[in-house]
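Before any comments, here is the structure.
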Amino acid sequence: MMVFVLQQATGVVFVLGFSTYFFELAGFADNNAFNLGVGMTAIGVVRNLLTFYTVNCFGCHFLFNWGIVACTIILLLISFIWIGNTNQNAKWAVSAFTIIYNFVYQISIGPLGYVIFAEISSAKLHSKTVSIGIWTNSLCGLIANIVIPYL
């Protein structure tokens, strides 16, 4: 179940769920923020489909662990850029790293959480384990969606 908790703890709700609002806070016009949000969704769809290939090349656990480390580093870079600068270049750097975060998340943590979780349970308890895990993911996502707007 920690696989699903880690999915929510890596900032996915903030970066993917509130990306359009985040781009508006960064200083983009409403239509540009919306276009960036749609672009992030398109990147996620394409990247999820290409994950089938990358899993065969690198393996689930390697990609998942690498994804957690990479997403953490990218979020730290976003926060350091956000704190330090308010100019036009910082706005574009923050949006670029947000899109890179989306790319890394969709290649690693996003789809592979379900793969890893499905393969660790025994055959007898498989359906119960997966249902409890998805319930945990939904609960953590609900909590994150409630808490993040207040931050």
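A few remarks follow.
- Applying a threshold of 7 Å to beta carbon distances and a minimum spacing of six or more residues, or different chains, the list of pairs starting in the stretch 113-139 at a residue that is under 22 Å from PHE58 (Cα atoms) and ending at one that is loosely packed, with under 13 Cβ neighbours inside 10 Å reads ILE116/HIS61.
- Answer residue from the stretch 47-75, given it is small (Gly, Ala, Ser) and closer than 16 Å to VAL12 by Cα and is surrounded by the fewest Cβ atoms within 10 Å (Cβ to Cβ) among those: ALA70
Residues are listed down the side, and each one gets a yes or a no for (1) crowded, with 16+ Cβ neighbours inside 10 Å; (2) at positive phi; (3) β-branched (Val, Ile, Thr):
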| residue | (1), (2), (3) |
| --- | --- |
| ILE100 | yes, no, yes |
| ILE120 | no, no, yes |
| THR129 | yes, no, yes |
| ILE132 | no, no, yes |
| ALA144 | yes, no, no |
| PRO149 | no, no, no |
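- Pick from the stretch 60-95, criterion small (Gly, Ala, Ser) and at pLDDT below 90, ranking: nearest to THR20 (Cα to Cα): SER95
- So LEU77, is it touching a helix residue (DSSP H, G or I) at 6+ places or on another chain (Cβ under 8 Å) and without any contact (Cβ under 8 Å) to a residue 40 or more places away in the chain: yes
- Scan the stretch 21-46 for residues that are surrounded by fewer than 18 Cβ atoms within 10 Å (Cβ to Cβ) and either at pLDDT below 85 or not small (Gly, Ala, Ser) (or both) and the total you get is 14.
The values are calculated or read from the model by the stated rules, or taken from the named source; none is laboratory data. All of these numbers come straight from a predicted model, not from anything done at the bench. All Cβ positions, even for glycine, are placed from backbone atoms using ideal geometry, and neighbour counts span all protein chains on display.
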